[in-house]
Amino acid sequence: MIYDLIIVGGGAAGLFAAANVPPGKVLLLEKMETAGKKILISGGGMCNLTNCDEPDGFIQHFGARNKANFLKPSLYGFSPEMAVRWFEDRGFSLITREDGKIFPADLKALSLVNFLMKEIAIKGVEYRNNSPVSKIKQAGEFFEVVSGDKIFPSRFVLITAGGKSFPSTGSDGAAYALARSMGHRIIDPTQALASVYIDSYKYGSLSGSSLRDIQIDFFHRGEKKRYLQSRGDLLFTHNGLSGPVILNNSRFIRSGDVLDICLVPGDNREVLREELQKEWTARGGKTVKTFLKAIGLFSSLAENLLESFGINQAALCHTVGKKDRNRLFSSLLHLTLTVSGKSSFSAAMATAGGIDLGDVDRKTMESKVVPGLFFAGEILDIDGDTGGYNIQAAFSTAFTAVRTFSARREREDRPV
């Protein structure tokens, strides 16, 4: 049998593509024993599948401008609002949190995977698990997709095999070789949505504690000009830093980078220094620890900072010398830490890098190098912030690819 379409990879993009194919001979090949394994661990097992952002705001969460521009046609063609409607029209209930994140109503990623598998069955898609693809080649008017000792011919192929993050789920980067063998350029993959490790880290005892809405200036090693300024929530871990302000910028971070962290909420550090001085003076008869808690530091961080400067936490503010006070203020406004590395692909939530976007038509998701070959999802060089952006991008690009495939097949099958 010659298939109309073979989908390689049963992650978010592959499952959603298969759930949207028109009637025909369609095969979904999944290398693992079960499909959707990465979906199952997303959002802490609850699966934050999209976000209620409008498309214009949505695309701003994908870092580089070329990535946002690439996604525009797909996100306008299948927006978060359309995704919500698609699920709810088919009886799958969703909930929206106050922060705009959207989840399955029962907060179970497994429910989403089971629902998509049911939709695929309704569509009549043939599904084969334990079927890693080792080669894709053109053979005349068709493609030949090789899996084990089997060769599956198809008119069209859609590769949705993911990036390199969480390789235990099947997303191990193997599909890059398939694309490269067919003439596509690969942007070197690196970890995205990853925590960072810190040199000479002194804050392991604070693991699990966080600061809200703080500002960080990012510097590459040896450079005086920051390459990025960002703000958001910061999480201390046992060996480094995480939280949205780190995760969402980890695509840019390199080993040796310097993080200049302002522990006090605010935009202008000079103004903040003046405000700290006023607060210090006003609380002259209070303990230094009480002062630090009043400006927003949690107790254990306050104790840690005071210990590092040899300041008694029970000391009254007016008894602390000017030198120690200025050192304390400087640490509050400019806590400087050096990155020693990022969490590995086995822990990173997404991959930056992948198929060069210049090799793919952004309006169709069809390869510019090999006609009839499509890409969708994380295998592309697109990576979004935490908050449902990456799964929505997988849905949108998969929907675009399937819509293009459907139109192409219909046009080619039309009698002359």
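Going by what's in this entry, would Arg128 be described as within 17 Å of Phe16 (Cβ to Cβ), of a type in the set (Lys, Arg) and surrounded by fewer than 19 Cβ atoms within 10 Å (Cβ to Cβ)? Break it down into steps so the answer makes sense when it comes.
Details: within 17 Å of Phe16 (Cβ to Cβ): no; of a type in the set (Lys, Arg): yes; surrounded by fewer than 19 Cβ atoms within 10 Å (Cβ to Cβ): yes.
Here the answer is no, as Arg128 does not meet what is asked.
Would you check if Ile246 is within 30 Å of Asp361 (Cα to Cα), of a type in the set (A, V, I, L, M), assigned by TED's automatic domain parsing to the domain that holds Leu328 and out of contact with any Asp or Glu (no Cβ under 8 Å at 6 or more places or on another chain)? Walk me through how you get there before you give the answer.
Details: within 30 Å of Asp361 (Cα to Cα): no; of a type in the set (A, V, I, L, M): yes; assigned by TED's automatic domain parsing to the domain that holds Leu328: yes; out of contact with any Asp or Glu (no Cβ under 8 Å at 6 or more places or on another chain): yes.
Here the answer is no, as Ile246 does not meet what is asked.
From the list Leu241, Leu301, Leu259, exactly one residue is assigned to a helix (DSSP H, G or I) and hydrophobic (A, V, I, L, M, F, W, C). Which is it?
Numbers: Leu241 fails: assigned to a helix (DSSP H, G or I); Leu259 fails: assigned to a helix (DSSP H, G or I).
Checking each option against the conditions leaves just Leu301.
So which residues in segment 74-112 are among the β-branched types (Val, Ile, Thr) and within 16 Å of Asn390 (Cβ to Cβ), if there are any at all?
Step one: list which residues in segment 74-112 are among the β-branched types (Val, Ile, Thr), which gives 84, 95-96, 102.
Ile102, the sole residue that qualifies.
Tell me, please, whether a residue that is part of a strand (DSSP E or B) and at negative phi can be found in segment 318-331.
Step one: list which residues in segment 318-331 are part of a strand (DSSP E or B), which gives none.
The answer is no; no qualifying residue exists.
If we keep just the residues of segment 360-380 that are of a type in the set (D, E, K, R) and either under 13 Å from Val157 (Cβ atoms) or touching a strand residue (DSSP E or B) at 6+ places or on another chain (Cβ under 7 Å) (or both), which is surrounded by the most Cβ atoms within 10 Å (Cβ to Cβ)?
Going residue by residue through segment 360-380, those that are of a type in the set (D, E, K, R) are 361-363, 366, 368, 378.
Among the residues that remain, those that are also either under 13 Å from Val157 (Cβ atoms) or touching a strand residue (DSSP E or B) at 6+ places or on another chain (Cβ under 7 Å) (or both) are: 366, 368, 378.
On the way: Glu366: 22, Lys368: 14, Glu378: 33.
Going through the qualifying residues, I end up with Glu378.
Report whether or not Ile102 is in a helix (DSSP H, G or I), in contact with a Leu (Cβ under 7 Å, 6 or more places away or on another chain) and surrounded by 21 or more Cβ atoms within 10 Å (Cβ to Cβ).
On the way: in a helix (DSSP H, G or I): no; in contact with a Leu (Cβ under 7 Å, 6 or more places away or on another chain): yes; surrounded by 21 or more Cβ atoms within 10 Å (Cβ to Cβ): yes.
So Ile102 does not fit the description; no.
Just to be sure I understand, how many residues within segment 363-416 are assigned to a loop (DSSP other than H, G, I, E, B), closer than 27 Å to Phe58 by Cα and touching an Asp or Glu at 6+ places or on another chain (Cβ under 7 Å)? Walk me through how you get there before you give the answer.
Here is the first cut: in segment 363-416, the ones assigned to a loop (DSSP other than H, G, I, E, B) are 363-365, 368-372, 376, 381-388, 414-416.
Okay, now just the ones that are also closer than 27 Å to Phe58 by Cα, so 363-365, 368, 376, 381-388.
Keeping just the survivors that are touching an Asp or Glu at 6+ places or on another chain (Cβ under 7 Å) gives 368, 381.
Residues flagged as assigned to a loop (DSSP other than H, G, I, E, B), closer than 27 Å to Phe58 by Cα and touching an Asp or Glu at 6+ places or on another chain (Cβ under 7 Å) within segment 363-416 amount to 2.
Within the set of pairs 6 or more residues apart or between chains, which connect a residue that is among the charged types (D, E, K, R) inside segment 327-353 to a residue that is not in a strand (DSSP E or B) with Cβ atoms less than 8 Å apart?
These pairs meet every condition: Arg327/Phe309; Lys342/Ala194; Lys342/Ser195; Lys342/Ser250; Lys342/Ile253; Lys342/Ser255; Lys342/Ala348.
The values are calculated or read from the model by the stated rules, or taken from the named source; none is laboratory data. Predicted, not measured: the structure shown is a model, and the values here were computed from it. Methodologically, a virtual Cβ is constructed for each residue, glycine included, from the backbone with ideal geometry; neighbour enumeration extends over all protein chains shown.
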